[in-house]
Every structure is written in C-alpha cells, then in structure tokens.
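> Before anything else, here's the structure in question.
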There are 2 protein chains.
Amino acid sequence: MLFFDRMVVIGLGLIGGSLARVLREKGVVGEVIGVGRGEANLKRGVELGVIDGYSFDAKEAVKGAGLVFIATPVCTIPDVVAEIAPHLEPGCIVTDGGSVKEFVVKGCEPLMKEGTFFVGGHPIAGTEHSGVEASFSTLYQNRRCIVTPTEKTDPQALAKVVELWEIAGSTVPLMDPVQHDLVVASISHLPHMVAYSLVNAVDGYDRFEGDLLKYSAGGFRDFTRIASSDPVMWRDIALTNRDAILEMMDFFSGYLAKLRTLVEKGDGEGLREFFHNSKQKRDAIL
Amino acid sequence: MLFFDRMVVIGLGLIGGSLARVLREKGVVGEVIGVGRGEANLKRGVELGVIDGYSFDAKEAVKGAGLVFIATPVCTIPDVVAEIAPHLEPGCIVTDGGSVKEFVVKGCEPLMKEGTFFVGGHPIAGTEHSGVEASFSTLYQNRRCIVTPTEKTDPQALAKVVELWEIAGSTVPLMDPVQHDLVVASISHLPHMVAYSLVNAVDGYDRFEGDLLKYSAGGFRDFTRIASSDPVMWRDIALTNRDAILEMMDFFSGYLAKLRTLVEKGDGEGLREFFHNSKQKRDAIL
C-alpha cells in the first residue's frame, strides 16, 4: 500500500539505503530521492535502483515529500532539520536513524513548523560496511527499531513511523529518549569504548619487542571487530551521548575492579561464580 | 612417517581429540590411547576413530608410549605429570596444550625422570565447543602453537614437538614461558576478563526495569561470544596466570581511563584519534 508519493533520504548510506530499498520493495513509497554530498555514491544509488534521483540541496529535495528520513551522522541531524524545516510540506513526517536520541529529539522538535512532524527512531542494525553499495533490503528484518516519542509527538505521525519499521521487518519498542540513550550506551556504546580501549592497550603494550597482535586468534578478532567501526561516527556518538556513556563506563569499571580483586586474591569460587553468571546471561541471548 | 608407535592423550576433548585426529591422519602415530574420567566421551572417541582404546588409569596407559599429550585443565597438568612420570618409558616425550605455561613448565620439569622429556606447548586454537565430539583434524591448520622451551629442555625432544605441531598445520614460535604468559594474557586472557565483566555489568545494571540484554544486536553478541566460555577453565587460567592477568588488566584500565577523560572533556579530536588508531591496528589483523 502506497503511504507516501515521495520519500527523501538524506544521507544515503547503509542505513538510509536499506530503508529506501525495503520500503520500495513493499510498495510503501513512490518516488525516492537521495540527498548527499558524494555524487559517486548518489549515482551508484540510482544504478542500484535504491533511489530514482538525487540532489545536493536538501531544501529543494523535500518539496512535495511526505516522508523524510535522515541518516546522516548523529551530530548533524539537528542542523539538517534546521535547514529543511521551513521548506517542508504540510503533513510531512521527518524521522531519523541516529543512534543517540536525546540530543536529536531535543534538538529537532523545536525546529518543526506547525503541521509537520518529527519522530525520533533508532534501528538497531548495521554491518561494518558503509555506503549505499552496502545497503540491502533485509537489513532490518528480525531487528529492533527503537522509536522515541515525547509528549510533543503527534500520535498519528508516531503510528505511521512505527508501521514503516514494522513493514521493514523490525519490532518497534517505544522508549523515552533518555532511557533509549542509556540502553544503547550499555549494549552498544560501552562495548565500543571497551573494544577500542582494548585494541589500543594491546597495541600499546611494549614490554616485549614485536607485535602482540600477530598472536591473536579467532576470539580476539571477533571480540574486537567493533573496534574497526568508523572513528568519526563514534566520535560523534561519544560527544552526543556523553553522560550515558560515562555512567556505563563507570558502572563497567566497577565490575572490572570486582573481578580484579577476585583474581588478585586467587578466589577460585568467586571467579567461577563471576564467569558462570556471565556465561548464563550470554548464552540466553545466543 | 611413523614417529611414535603409541601415543597417549590424557584429557580427550576438543584439543586432545583434534591433535590425535590429525597425527593419525598424517600417519605420524600408530596406536592412540585416550585417558579420561568420562566413559561416554572415551567410548565416543573410539566410535569416531579418534582413539583405538581407552583407560582410566594414566599410569597404566603410558606404558610403551613414546608420546604423551596432556590436554586436561591447566591446573591439573603438574598433578598428571607427577602421577605418570615414574612410569614413563625411556625416551618418552610428554607435552601439553595448557594455556598458561610458567605454572605448567615450572611444575612439570622437576618431576621428569632422567631420559624422559617434558616440552610445554600451547596451541592457540579452539572453538566454544568441547568434548571429543567437537574435535576435528584441521583445528590447528594455519594457527600458531607456541612452544615454550627452557634451558633444561632437551633439544631433540623440542625439535620433535615442533615438528608434530608443524605437521598438524601450525606455525610454531618458541617463547620463554613467562613471555608466553604475558602474550596470552594480553590477547586472550584480558579480552575474556573484559567480556565477562561487560556481560555482568550490563546484566547488573538496574536503573530500568526489564532486560537490557534483549536489545543487544550482532555487535554485542560477537563482542561477548567469549563470555560463553567454560567458567571452570577460566577460573583455572585466572588462578594460574594471576600476575600476568593483573598486569594486563591494569594496563587496559589505564587506556579505558584515558578514553573516559576524552569523553568527559568532549575532546572530539582526541576521541577521533583514539578510535582511529584502534581501527587501524584492528584492520591490520582482519
């Protein structure tokens, strides 16, 4: 069923491209226009059939659009909304894929004109690849997309955004933006901070000549895969979700200190329990 | 080429079973006898053709053996050697697969009779599965097996053990036991301590009702796969490689604290550099 004649995707990468693909495939959107800065990537989007056309001017592109999806770096989302807000059609719904929500929602809501709607969202999906080339229509299948309404959110716009993500294959929990930010700080941002620190520590350890990393096996490679993530994206996340990340880093450090004490004391039973509890919880999410 | 008429594998699991499989396949060993406590597992070893027979009595089993491979939990290796040492044939080579080497080598070397030889080894390979059922002959292919001679190690026994691991498909760096323990503390034991702590922290975070872990995506699952490892094995590693693990945990905590400061200050350039260095090092080991 066609919901929107014209959809604009600002930031045509893995996240934006994949949503465009699935919504086209399902017949939910008509024309899809990509907005970005890199022409090669936008052209490739046309060749791949992800978009029908493209523009470098977001203000121009949103004319006539019923749905705008912003998938640019999270730092830039309020700036993008500031640019397009005066040019939106009545009834237009703007939503985003940014992985920090208080910063985005607080920044964007006040910018919206009467009769146009902002709804924050965060699809918990991704791969280590980027660009429209990496996008695929099943990225969101069997995933969660957290949508973060506030008391200002229009209920019908909210319902529509939820429905879009469900059509894309995701389940859609609703969450307060602040709560969202603590949840992702714990299950995503904290692991990234830890993985980046771990690789830097092993790399920086200089008690021996030679490269420790060459002895790494599969476990280390899997464990540190997320330390290959885009440094600029993660800088932006660390800048925009500072308080929640600090809270989770400190919370984690408390557990690490607890384990350190067990190791130092040689507390066999305490160690076994600590590892056993972790294994149980981890096995439950396999 | 047949090197040993009789090989005994004490502890017939993933590690012991896989070495038996590949050495049989290559025709390097004749009869292979498994020693363990669980009869079901040993019977399964016979059915799978990994071993020709089994025994519950290591002293009995080592009679006539030219090669003994000990793949029991690392804590128990010196006890096993203490039990079998008086019963070894002249010329017998005893080696092991324990992941901590100073504890093992220091514990075992003094127990050996004149004319029998202990050589410490640590194949850096494994999966999250255990038992002889999980063993396969290519486990060691394109892996490293670190062999840890000391000044007391017999050069010919050392050469033979190196050759066995090369036949199994591994490259074989030689390392001092203490250096080995720091290397594995950094690339294996530290990541496990971190992963176990991380899962426990996320599980223990109680600022919200509900289960944070259900929001975890692929990144979190990969990152914490090693937190599903066997708690008893890791208790033993933490007990036997205490000093190296503490050193690496403290070294890591320094990097985590450095990152925490960057996040707290909102130092965008510092964050980008920190993440960028990590990504570069990680990408190099892909």
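Readers should treat all values here as calculations from the given coordinates under stated rules, not as data from a laboratory. Note that the structure is predicted; figures quoted are calculated from it, not measured. We place every Cβ from the backbone using ideal geometry, glycine too, and count neighbours over all the protein chains shown.
> So how do B:156-162, B:7-13, B:245-251 stack up, highest first, on mean other-Cβ count within 10 Å?
Per-residue mean Cβ counts within 10 Å order the peptides as B:7-13, B:245-251, B:156-162.
> Quick one: Debye curve from the alpha-carbon atoms of region B:178-284 only, equal weights, vacuum; give me log10 I(q)/I(0) at q = 0.10, 0.17, 0.24 Å⁻¹ to two decimals.
Values returned for q = 0.10, 0.17, 0.24 Å⁻¹ are -0.38, -1.05, -1.31.
> Output, in nm with one decimal and in ascending order, the distances from the A:ALA159 label point to the matching label points of the other copies (7 Å from Cα along Cα-to-Cβ).
Once sorted, the set of distances for A:ALA159 reads 8.3 nm.
> What residues have an amide H closer than 5 Å to that of B:TYR54, excluding those fewer than 5 places away on the same chain, when H is modeled at 1.01 Å from N in the peptide plane?
Here the answer is B:GLY34, since their amide H atoms fall under 5 Å of that of B:TYR54.
> Jot down the radius of gyration and Dmax of region B:132-218, Cα atoms only, both in angstrom.
My reading of the Cα-based Rg and Dmax gives 20.0, 63 Å.
> Moving on. Calculate for chain A the 222 nm mean residue ellipticity that helices alone would give, adding -39,500 (n - 2.57) per DSSP H run of length 4 or more and normalising by residue count, nearest 500 deg cm²/dmol.
Helix-only estimate at 222 nm: -14000 deg cm²/dmol.
> While we're on this one: Over all residues in B:228-235, what is the mean tally of Cβ atoms on other chains that come within 10 Å of each residue's Cβ?
6
> Here is a follow-up. Let me check I've understood the local charge: for B:ASN142, count other residues with C-beta under 14 angstrom from its C-beta, Lys and Arg +1, Asp and Glu -1. What total comes out?
+3
> While we're looking at this one, here's another question. What are the nm distances, shortest first, from A:GLU60 to its equivalents in the other copies, labels at 7 Å along Cα→Cβ?
Result, one decimal in nm: 8.8.
> Another one. Please give the net charge around A:GLY169, taking every other residue with its beta carbon less than 10 angstrom from that of A:GLY169, where Lys and Arg add +1 and Asp and Glu add -1.
Taking every other residue near A:GLY169 into account, the sum is +1.
> Please figure out what share of the DSSP beta bridges in the protein assembly as shown is antiparallel and state it in percent, rounded to the nearest 5.
15
> Still on this structure, please answer the following. Counting only other chains, and only Cβ atoms inside 10 Å, what mean value do you get across the residues of B:239-249?
The shielding value for this peptide is 3.
> Using a label point 7 Å beyond Cα on the Cα-Cβ vector, give me the inter-copy distances for A:LYS113 in nanometres, one decimal, shortest first.
Those label-point separations list as 9.5 nm.
> Another question, then. Across all directions of projection, what mean area in square nanometres is found for the Cα convex hull of the protein assembly as shown?
It is 27.8 nm².
> Give me the lysines in straight-line cross-link reach of A:LYS106: C-alpha distance below 21 Å, same-chain residues under 8 apart excluded.
Cα-Cα hits under 21 Å: A:LYS152, A:LYS160.
> Roughly speaking, what is the stretch gain from A:GLU60 to A:LEU2, that is 0.36 nm per residue apart minus the C-alpha to C-alpha distance, in nm to one decimal?
18.6 nm
> Summarise the partner chain shielding of B:174-184 as one whole number: the mean count of Cβ atoms from other chains within 10 Å of each residue's Cβ.
That works out to 2 on average.
> Under a no-solvent Debye model with one identical scatterer per Cα of region A:71-167, what's log10 I(q)/I(0) at q = 0.18 Å⁻¹?
-0.86
> Rounded to the nearest 10 degrees, what's the angle between the helix A:190-204 long axis and the longest principal axis of chain A, both from Cα atoms, 0 to 90?
Compared with the principal axis, the helix lies near 50 degrees.
> Working out 0.36 nm times the residue gap between B:ASN142 and B:GLU31, then minus their Cα-Cα distance, what length gain in nm do you get to one decimal?
Gain on stretching B:ASN142 to B:GLU31: 37.3 nm.
> Continuing with this model, one more query. If you take every residue apart from B:ASP283 with its C-beta less than 15 Å away from the C-beta of B:ASP283, what net charge results, scoring Lys and Arg +1 and Asp and Glu -1?
+1
> Diagonalise the Cα gyration tensor of chain B and give the resulting equivalent ellipsoid semi-axes, square root of 5 times each eigenvalue, largest first, whole Å.
Output for chain B: semi-axes of 39, 21, 17 Å.
> Also: Compute the Cα gyration tensor for region A:17-77, then decide on rounded, prolate or oblate, letting a ≥ b ≥ c be the square roots of its eigenvalues: rounded whenever a/c is under 1.5, prolate when a/b is larger than b/c in the other cases, and oblate in all that remain.
Cα axes put region A:17-77 in the rounded bin.
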